[in-house]
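The values are calculated or read from the model by the stated rules, or taken from the named source; none is laboratory data. The structure displayed is predicted, hence computed values, not measured ones. As a convention, Cβ positions derive from the backbone with ideal geometry for all residues, glycine included, and neighbour counts pool all protein chains shown. Areas reflect the complete protein model, heavy atoms only, side chains present, ligands, DNA and RNA absent. Shrake-Rupley method; radii C 1.70, N 1.55, O 1.52, S 1.80 Å.
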Amino acid sequence: MEVVSRIVTLQKALAAVRGKGRIGLVPTMGAFHAGHCALMRQARRECDFVVVSLFINPTQFGPQEDYAAYPRHLASDRKQAQATGVDLLWTPTVAAMYPPDNQTHVDVGPIARQWEGESRPGHFEGVATIVAKLFCIVRPNRAYFGRKDYQQTCVIRQMTRDLHLGVALRILPTVREADGLALSSRNERLSPAERQAAPTLYQALMMARQAAQCGERRAKALCAHVRRHIQSSPLFHIDYIALCHPDTLDALGRLERTAVLLVAARIGAVRLIDNQILSAS
Ligand code: AMP
């Protein structure tokens, strides 16, 4: 596996393989866990040349957020990427991605303004901007994202379509701990007590799913199941719970066909998000 930082070096390596097979890109912020590795493995299966970008993107963090405290584990990330069969690990610098004269930002629109977008102003502008840059620099055939960040996948899909970026998106299921907690680089910042309480979020989603399976269709009632269960743990502060259209993310009054239940909550200093697809059938 090659590890490169400079954009020109990356593009030289890509020039040697472009046109000869499929190029796959897995965008990450590092501190790899089994969720990242699942994306890399899928890319390995489907592509001839696999690039993993590792870049902690400052523009997607708000001023009060955890950019400085975000976990950084380059040595172990390298080992894991290599073990997963990645061809090239790309670790650009902030100065290369955002030179001092950078002016352009990508503002996707309404789909990026609700839920996470409302709680974290500017977050999706940062995400869309960096993903657009990564796509333009790598020009992959396919890019791999996790369903754990559900709204992020919707925002990137919208942007990719609107800007005709020509990248096929592959969205893979959320990888979880045995107790249901969605893997996240931020989980390592949970105290033992917080870690113990953290699966409450997933359990709450499972309760709503069970209610839906038993015939509950009212969004308010489904969200109330989630709220009640999360509130059973005093460590959580709920940010939002919403039943949404799976593509537009508009809030729904009732579950008809398919919907996504989104939840965001803070536990201690860590903000967790999770989601569950619900089906009326
Ligand atoms: P991050 O490094 O957190 O920006 O995540 C990089 C990619 O991995 C994103 O597409 C995430 O959605 C995905 N990802 C993060 N956690 C998980 C997980 N538990 N299961 C599946 N994919 C994940």
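Given region 179-281, what strands (runs of 3 or more DSSP E) lie entirely inside it while holding 2 or more residues that are small (Gly, Ala, Ser)? Can you show your working first?
On the way: elements: 236-244, 258-267, 270-279.
Per the criteria, 258-267.
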Review point. Here are some conditions: (1) touching a residue at least 24 places away in the same chain (Cβ under 8 Å); (2) more than 10 Å from the ligand (Cβ to nearest atom). Residue 64 meets all but one. Which one does it not meet?
Key: (1)
Point to revise | Near pairs, Cβ below 6 angstrom, 6+ apart or cross-chain, from region 147-173 (touching a residue at least 24 places away in the same chain (Cβ under 8 Å)) to any residue that is part of a helix (DSSP H, G or I) and acidic (Asp, Glu) | key: 151/116
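Yes/no matrix, rows are residues, columns are (1) under 11 Å from the mean Cα position of the chain (by Cα); (2) near the ligand (Cβ under 8 Å from one of its atoms):
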site: 119; (1), (2): no, no
site: 131; (1), (2): no, no
site: 134; (1), (2): no, no
site: 140; (1), (2): no, no
site: 145; (1), (2): yes, yes
site: 150; (1), (2): yes, no
site: 157; (1), (2): no, no
site: 164; (1), (2): no, no
site: 179; (1), (2): no, no
Exercise for review: Say whether the condition of being surrounded by 14 or more Cβ atoms within 10 Å (Cβ to Cβ) and under 30 Å from residue 243 (Cβ atoms) is met by at least one residue in region 87-106.
Suggested key: yes
Check your understanding: When residue 246 is evaluated against the numbered criteria (1) surrounded by fewer than 19 Cβ atoms within 10 Å (Cβ to Cβ); (2) in contact with a strand residue (DSSP E or B) (Cβ under 9 Å, 6 or more places away or on another chain); (3) under 25 Å from residue 33 (Cα atoms), which criterion, by number, is the only one it fails?
Key -> (3)
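Listed here are the residues, each with its yes/no results for (1) without any contact (Cβ under 8 Å) to a residue 60 or more places away in the chain; (2) crowded, with 18+ Cβ neighbours inside 10 Å; (3) more than 9 Å from the ligand (Cβ to nearest atom).
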residue: 19; (1), (2), (3): yes, no, yes
residue: 25; (1), (2), (3): no, yes, yes
residue: 34; (1), (2), (3): no, no, no
residue: 51; (1), (2), (3): no, yes, yes
residue: 76; (1), (2), (3): yes, no, yes
Point to revise | Answer residue from region 166-177, given it is open to solvent by less than 60 Å² (accessible area, probe 1.4 Å) and outside any loop (DSSP other than H, G, I, E, B) and is farthest from the ligand (Cβ to nearest atom) among those | key: 168
Exercise for review: Exactly one condition in (1) in contact with a His (Cβ under 9 Å, 6 or more places away or on another chain); (2) open to solvent by 20 Å² or more (accessible area, probe 1.4 Å) is not met by residue 116; state its number.
Suggested key: (2)
Review point. Counting only residues that are in contact with a strand residue (DSSP E or B) (Cβ under 7 Å, 6 or more places away or on another chain) and open to solvent by 50 Å² or more (accessible area, probe 1.4 Å), how many does region 204-216 have?
Key: 1
